[in-house]
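The values are calculated or read from the model by the stated rules, or taken from the named source; none is laboratory data. The structure presented is a predicted model; accordingly, all values stated were derived computationally and were not measured. As a convention, Cβ positions derive from the backbone with ideal geometry for all residues, glycine included, and neighbour counts pool all protein chains shown.
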Amino acid sequence: MKTIRNENLREEIYHKELENGINLFYFPKKGFTKKYAIFTANYGSTDNVFLPLGENEPVELPEGIAHFLEHKLFEEPDEDIFQKFSSQGAYVNAYTNFNQTSYLFYSTDNFYQNLELLVKFVQSPYLTEENVEKEKGIIAQEIQMYQDNPKWVVFFNTLKAMYHRHSVRTDIAGTVESIHKITKQDLDTAYRTFYNPGNMVLFVVGDLDGDEVIRTVENAGKEYPTTLDRVERIVADEPDEILLKSIEERMMTSKPLFNIGVKDRDLGLTGKEAVKKDIITNMILDMLFTSSSEFYNELYSEGLVDSSFGAYYTGKRTYGHSLIAGQSDKPQEVYNRIMAMFKKPERYLTQEAFSRIKKKEVGGFLTGFNSIEFIANNLTDLYFQDFLLIDYLDVLNEITFEDIITRFESHFTEEKSVISIIWPEMESGNN
Amino acid sequence: MESTRKEIGNGLNINLTYTDKFKSNYLGVYMIRPLDRAEVTLNSLLPMVLERGTKNHPSTLSLKRRLEELFGANLRISASRRGERQIIKFSMEWADGRYTGEEGLDSDILQMFREVIFDPYMEDGSFSREYLEQEKNNLITRINNKINDKRTYAINRCIEEMCKGEKFSIYPGGYQEDVPQIDGKILYDHYRKVLSTSQIEIVYTGHDNNLNLEGIIPEEFMDREAVTFVPRETIVEKSQNRNQVRDRMSVAQGKLVLGYRAGIPYEDKLYNGLLLGNEIFGGGPNSILFRNVREKHSLAYYVSSSIVKHKSLVLLDAGIEFQNYQKTLDLINEGLREMVMGNFSDEDMEIAKKSVRTSSESIIDSPQLMSEFVFGKIISNDQRSLEEMIQELEEVTREDIIKAMGKVNLDTIYFMDGLDREVEHENN
């Protein structure tokens, strides 16, 4: 077992690749009552064109398949997985995003039993024509719930405006039409390929016995004839340019909502470089768009934005974008002001702001370490970018003001920016 | 985790929980107000105005920058509903000096916190007119925004219709029509009243750094003469006979909310039976509702029920296709009948107990949850320790659950329906 320690953080993490192919990390958290495990497949909504395990021709599966599979893995022939976890005092859940599907639980008791159950149920799919059909009604309701959420719609419209072909532009759960096309065979193919242990990682966090954690996962894990290193995914050739300058829709909301997206073309990074770019970009956005920035306060005091105004960057190997979100009666005016600022950022992008935001990032990161969920979820996310979370502070400390300026100049331009607006469509109803 | 409580002034207490478990410290100051139409909008506006500045940091810019320099100390001010009380809460969370490499910032942070609460930015003996006008507009936006989150909106509409005439029906975010009349003097006078007459609870969770926590309260507030304690809520036992409310809106999904009255006060031992009964009925993915409405009949993605402790209400909600209204309602009614007839297994009971136990035990892993737990005990006048609470739940019997669920009566059915949809024949 390998131990990785970070002195500044006073934390350590253990890693072992087990014989059954499972990549296991254990992060001890002394004195915590809650224990948490998260088992993740490197398989999200963007991975719907790929080379199935053992085949030579790529397949394209209907949108929403990763999420569909996540729902279905809870099905077993002879037991109810939710009930089983509950009877062992655990809270179980799962989620799918653009890049990963995670299965997780936490408990204060019976941890090892629950860990065994987690590994076993994720590694033993039970799919039938009938249970696949049954799930469609449930997922359709989940999709419709999101369709009524204007923040969700304004966000996905932004992606649709920025990207021509990249699968990040499609909804994570798919559409009501696309999920109805999903068959048992599709799910089998996806499962066989992406749930191979070589494409997965398991993080365990809590006040536990490391050896017992390893033993449990060793015994619970299934033997796989072939473990693969990397699934071949086919990523559509995405131009550098944005697709649309603006996209608008009407929905039932009170005030116009907007997202301004800035498409990133500095892609293909992994490991420390990727994380560094991520932190730098988010620091820039903090320097410009939080309540401690002069720019924010100018727009705020003119009533152009309110406290819902904010921004973040997200990026992976094949795509990346900054998103500036808020609500305003004059979204176009906000857009114009931001574009003008992109051309003359000197007043806002100062050395003083940089030092201050850096301190804030340090504090925020440390506070995050109070939460075992924060630790495990971020460990997982960064792991797939080949980076270990506990070295995060070191990277943060390396960042210089010059890094900020260089990145700003390459990323924040009008030609890479789009605006998505949801205009209100007020109805009286009958109340 | 041991907490101690000490009265440091009239209606002013300090609650301490020392632990080395966390990398940060958390300090909450809770001011307890009645939930009242006359002040709900003022209380909702206060946090927004107070965040605009202090005497030494007269703008948001200056205030937020100072907080960032203190390693991103996280200041929050909020007003929220807790039963028929409105709680104005100030909280500060900051990374402990042992990890940031800069010890000794604690007193700066406390000083800052004190200033935010007791020395807000003022102009001519009142709040700044400019800030006030901006925040009034922002408050109106916020109130109107409630429609953006359809699920919460539907729940609030159900409460509003169900509890007409009770304080609990007051919308905790304030009322648009009450905003324009507010001026700097009205709001400032109200704030003086809040500071001088509210019960105030200070709750600290974190490292024992020998902090002078009492020092955040200025001398003049230590011995206040007229502190008003908000009385316990009344509990209405009688249900309306299936009061039905339907709103029509341009939405893709129907939102069904059922409001029930249980009439079992939390002081009553039987309340534990209600807590577990609700858990079995609609608490989690193992509940009767989840298994039937979602897993068996594929009618919903979410369906669950929860208890409003201080009013002894049960609120149940589900997102469904419009045309499945009656079918869903029938299944829910059927589920409740099963509960009352005792058609749930011993295993269901065990699972419910474990579930409540796990979430209770998890409280001590989070400084915020610890703080809320300590405060929650204070307002419900509950002297029990976490262990004692868990123990009492373990002792709940099948009979307790049946008896408690037998008291759960449907009061109001709220449905957010689509526009212009024909209503088929519905007979209830």
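Structural remarks
- Restricted to segment A:355-395, and to residues there that are of a type in the set (Asp, Glu) and within 14 Å of chain B (Cβ to nearest Cβ), the residue that is surrounded by the fewest Cβ atoms within 10 Å (Cβ to Cβ) is A:Asp394.
- Flag for B:Thr17 being among the β-branched types (Val, Ile, Thr), over 23 Å from B:Gln176 (Cβ atoms) and without any contact (Cβ under 8 Å) to a residue 60 or more places away in the chain: no
- Subset of segment A:17-32 [more than 12 Å from A:Ala376 (Cβ to Cβ), within 24 Å of the chain's Cα centre (by Cα) and among the hydrophobic types (A, V, I, L, M, F, W, C)]: A:Ile22, A:Leu24
- Residue that is farthest from the other protein chains (Cβ to nearest Cβ), among those in segment B:64-80 that are touching a Leu at 6+ places or on another chain (Cβ under 8 Å) and surrounded by 20 or more Cβ atoms within 10 Å (Cβ to Cβ): B:Ala79
- Take the conditions (1) within 14 Å of another protein chain (Cβ to nearest Cβ); (2) modelled with pLDDT under 95; (3) not in a loop (DSSP other than H, G, I, E, B); A:Gly31 misses just one of them, which is (3).
- Selection from segment A:127-144 of residues that are buried (at least 21 other Cβ atoms within 10 Å of the Cβ) and without any contact (Cβ under 8 Å) to a residue 24 or more places away in the chain: A:Gln141
- Scan of segment B:122-137 for residues that are within 14 Å of another protein chain (Cβ to nearest Cβ) and not in a helix (DSSP H, G or I), ordered by number: B:Ser128
- Any hit, segment A:46-54, residues being farther than 20 Å from A:Tyr224 by Cβ, in contact with a Lys or Arg (Cβ under 6 Å, 6 or more places away or on another chain) and in contact (Cβ under 8 Å) with a residue 12 or more places away in the chain: no
- Some residue of segment A:193-213 being among the hydroxyl-bearing types (Ser, Thr, Tyr) and more than 20 Å from the chain's Cα centre (by Cα): yes
- Whether a residue is touching a Leu at 6+ places or on another chain (Cβ under 9 Å) and either under 21 Å from A:Val49 (Cα atoms) or away from chain B (no Cβ under 14 Å) (or both) was assessed, and A:Ala161 passes this test.
- Scanning segment A:1-13 for residues that are surrounded by fewer than 19 Cβ atoms within 10 Å (Cβ to Cβ) and in a strand (DSSP E or B) gives A:Lys2, A:Thr3, A:Ile4, A:Arg5, A:Asn6, A:Glu11, A:Glu12.
- In segment A:240-255, residue nearest to the chain's Cα centre (by Cα) [restricted to those that are surrounded by 21 or more Cβ atoms within 10 Å (Cβ to Cβ) and either more than 13 Å from chain B (Cβ to nearest Cβ) or more than 29 Å from B:Glu68 (Cβ to Cβ) (or both)]: A:Ile247
- Tally, over segment B:305-347, of residues that are outside any helix (DSSP H, G or I) and away from chain A (no Cβ under 14 Å): 12
- Scanning segment B:12-55 for residues being surrounded by 18 or more Cβ atoms within 10 Å (Cβ to Cβ), away from every other protein chain (no Cβ under 14 Å) and not charged (D, E, K, R) gives a total of 17.
- For A:Glu70, the conditions (1) away from every other protein chain (no Cβ under 14 Å); (2) of a type in the set (Asp, Glu); (3) under 23 Å from A:Asn377 (Cβ atoms); (4) under 23 Å from the mean Cα position of the chain (by Cα) all hold with the exception of (1).
- Where A:Val153 falls short, out of the listed (1) at the interface with chain B (Cβ under 9 Å from one of its Cβ atoms); (2) in contact with an Asp or Glu (Cβ under 9 Å, 6 or more places away or on another chain); (3) in contact (Cβ under 8 Å) with a residue 40 or more places away in the chain: (1)
- Segment B:96-121: number of residues that are in contact with a Leu (Cβ under 6 Å, 6 or more places away or on another chain), at pLDDT below 90 and crowded, with 21+ Cβ neighbours inside 10 Å: 1
- Filter pass, B:Ala352 being in a loop (DSSP other than H, G, I, E, B) and either under 25 Å from B:Leu256 (Cα atoms) or in contact (Cβ under 8 Å) with a residue 12 or more places away in the chain (or both): no
- The set of residues from segment B:156-170 being closer than 22 Å to B:Asn43 by Cα and in contact (Cβ under 8 Å) with a residue 24 or more places away in the chain comprises B:Arg157, B:Ile159, B:Cys163, B:Glu166, B:Lys167, B:Phe168, B:Ile170.
- Residues of segment B:208-259 that are assigned to a strand (DSSP E or B), away from chain A (no Cβ under 14 Å) and small (Gly, Ala, Ser): B:Gly259 alone.
- Restricting attention to segment B:139-150, the residues that are assigned to a helix (DSSP H, G or I), at the interface with chain A (Cβ under 9 Å from one of its Cβ atoms) and either among the β-branched types (Val, Ile, Thr) or surrounded by fewer than 18 Cβ atoms within 10 Å (Cβ to Cβ) (or both) total 5.
- Per-region count, segment A:220-245, residues touching a helix residue (DSSP H, G or I) at 6+ places or on another chain (Cβ under 7 Å) and polar (S, T, N, Q): 1
- Which numbered condition A:Lys276 fails, given (1) surrounded by fewer than 20 Cβ atoms within 10 Å (Cβ to Cβ); (2) within 13 Å of another protein chain (Cβ to nearest Cβ); (3) part of a helix (DSSP H, G or I): (2)
- Of all residues in segment B:81-108, those being within 14 Å of chain A (Cβ to nearest Cβ) and either closer than 14 Å to B:Asp208 by Cα or among the aliphatic types (A, V, I, L, M) (or both) number 9.
- Residue in segment B:162-171 that is outside any loop (DSSP other than H, G, I, E, B) and either exposed (fewer than 15 other Cβ atoms within 10 Å of the Cβ) or β-branched (Val, Ile, Thr) (or both) present: no
- Within segment B:368-383, being within 13 Å of chain A (Cβ to nearest Cβ) and either farther than 23 Å from A:Phe105 by Cβ or surrounded by fewer than 18 Cβ atoms within 10 Å (Cβ to Cβ) (or both) holds for B:Gln368, B:Leu369, B:Ser371.
- Note on segment A:302-314: among residues that are within 11 Å of chain B (Cβ to nearest Cβ) and surrounded by fewer than 16 Cβ atoms within 10 Å (Cβ to Cβ), the one that is farthest from the chain's Cα centre (by Cα) is A:Glu302.
Residue-by-condition table, conditions (1) in a strand (DSSP E or B); (2) of a type outside the set (Asp, Glu):
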{"residue": "A:Ala37", "(1), (2)": "yes, yes"}
{"residue": "A:Glu55", "(1), (2)": "no, no"}
{"residue": "A:Leu69", "(1), (2)": "no, yes"}
{"residue": "A:Ala94", "(1), (2)": "yes, yes"}
{"residue": "A:Tyr112", "(1), (2)": "no, yes"}
{"residue": "A:Leu117", "(1), (2)": "no, yes"}
{"residue": "A:Gly137", "(1), (2)": "no, yes"}
